[in-house]
Structure formats: structure tokens, C-alpha cells
Amino acid sequence: EASIASRNTTESISLLDRNLLNLQRTVEESRLIPFSKLVFRARAILRDLTTRYSKPVPLIVQGEKLQLDVGTLQSLEPVLLHLLRNSFDHGLESPEERTAKGKPSQGTIVLSLRRQGNFYQLNIQDDGRGIDGQIIKKIAQEKGMSLTNTDTPADILAVICQPGFS
């Protein structure tokens, strides 16, 4: 009888363990949201900017079907939308400027999300004018910021990421 009780206990513990793992998987999956939800908001903001400023800009998205934890997606949203607006406002030239430079009249913004193991890599890229280090340096100096060196791309990034720069 002790053997039967021991076997029943082992089977019960094993069943409980499987149920807990299934519950954990269900909870984790219920917290996942497709990146496309955030992309939908990004497209809406870009559409509004395009209409308001008559500067058509297609958004190319890669990784739209990847899923992110709801908390991560909520934290990422304001940052992503700010970067998207900056790309539109400061990176991409007007259709007239682009044509004068021999570029297509429409600029393009590419948004890509890739998963690398437990990490995600988010990239936002536009085919605009780029960043003028001298203008960035001048703005930082006028604002009395501690970092003003813009000799390298890493220096420029450090300057523009200072609190209060933009």
C-alpha cells in the first residue's frame, strides 16, 4: 500500500508540475502583443504628418509580426514615436530640396525589429540629409550643455541624447 500511495503522490506532483508549466505558458502568451499594434500607431502619426506638411513619406516595416511583452511595448511606444517624428521633421528634406539634390522627391523611413535570442533590436532609418555635427555643436553650446564635441558619430549621439537637448 505504501508503494501505491508513493506512486499516486509522484503522479499527482507530476500532473501539478505540468499544469503549472501550462499556466505559466498561458500567462506569458497572454502578455505578448504583436509589434504591428505599435506600427499601426506609427503609420497613423506619419499619415497625419504627411497630410499636415504635404511631405509624403512611406514607412517600410520589417518584423511587424514579432511579439513583445505588453510592458516592453508600452515603454517603447513614446520613444519610437518621438524618433519617428524626429526623422520626419529633421531628417527628411522637403520634396523640392530632395529633387534639387538629385534624390527621389519622397523620402523613406524604415522601421525594423529583429529578435536576437532574448533581446530585440529596433532600428529606425531614413534616407534624409543626415545630422550636421556643426549645427548640433552650436545648439549644445548655446544651451550650455556639458557635452558639445561632435567630431564622431558617437560624439554626436552623446550630445543629442543629453537631457534637454531637444
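Side notes on the structure shown:
- Some residue of region 150-166 being under 30 Å from SER36 (Cβ atoms), open to solvent by 50 Å² or more (accessible area, probe 1.4 Å) and touching a residue at least 60 places away in the same chain (Cβ under 8 Å): yes
- Residues of region 60-83 that are at pLDDT below 90 and of a type in the set (Gly, Ala, Ser): GLY71, SER75.
- Being under 30 Å from GLY117 (Cα atoms) and free of Cβ contacts under 8 Å to residues at least 40 places away in the same chain holds for only one residue in GLN74, GLN62, and it is GLN74.
- Inside region 119-154, residues that are within 22 Å of the chain's Cα centre (by Cα) and either of a type in the set (Asp, Glu) or not in a helix (DSSP H, G or I) (or both) make up a count of 13.
- The set of residues from region 2-41 being of a type in the set (A, V, I, L, M) and either in a helix (DSSP H, G or I) or modelled with pLDDT under 80 (or both) comprises ALA2, ILE4, ALA5, ILE13, LEU15, LEU16, LEU20, LEU21, LEU23, VAL27, LEU38, VAL39.
- For region 113-124, residues that are over 18 Å from VAL70 (Cα atoms) and in contact with a Leu (Cβ under 8 Å, 6 or more places away or on another chain) total 2.
- For region 70-104, the candidate set comprises residues that are among the small types (Gly, Ala, Ser) and either under 13 Å from the mean Cα position of the chain (by Cα) or open to solvent by 60 Å² or more (accessible area, probe 1.4 Å) (or both); within that set, the residue that is nearest to ILE60 (Cα to Cα) is SER87.
- Residues satisfying the stated conditions in region 105-123, i.e. of a type in the set (Lys, Arg) and open to solvent by less than 70 Å² (accessible area, probe 1.4 Å): none
- Among the criteria (1) within 28 Å of ALA158 (Cβ to Cβ); (2) touching a helix residue (DSSP H, G or I) at 6+ places or on another chain (Cβ under 6 Å); (3) of a type in the set (D, E, K, R), the one ASP89 does not fulfil is (2).
- Subset of region 45-62 (residues that are in a loop (DSSP other than H, G, I, E, B), touching a strand residue (DSSP E or B) at 6+ places or on another chain (Cβ under 9 Å) and open to solvent by 30 Å² or more (accessible area, probe 1.4 Å)): PRO58
The values are calculated or read from the model by the stated rules, or taken from the named source; none is laboratory data. For clarity, every value in this text was computed on a predicted model and none was experimentally measured. No Cβ is skipped: glycine too gets one built from the backbone with ideal geometry, and neighbour counts run over all protein chains shown. What goes into the accessible areas is simple: the full protein's heavy atoms, side chains included, and nothing from ligands, DNA or RNA. Shrake-Rupley method; radii C 1.70, N 1.55, O 1.52, S 1.80 Å.
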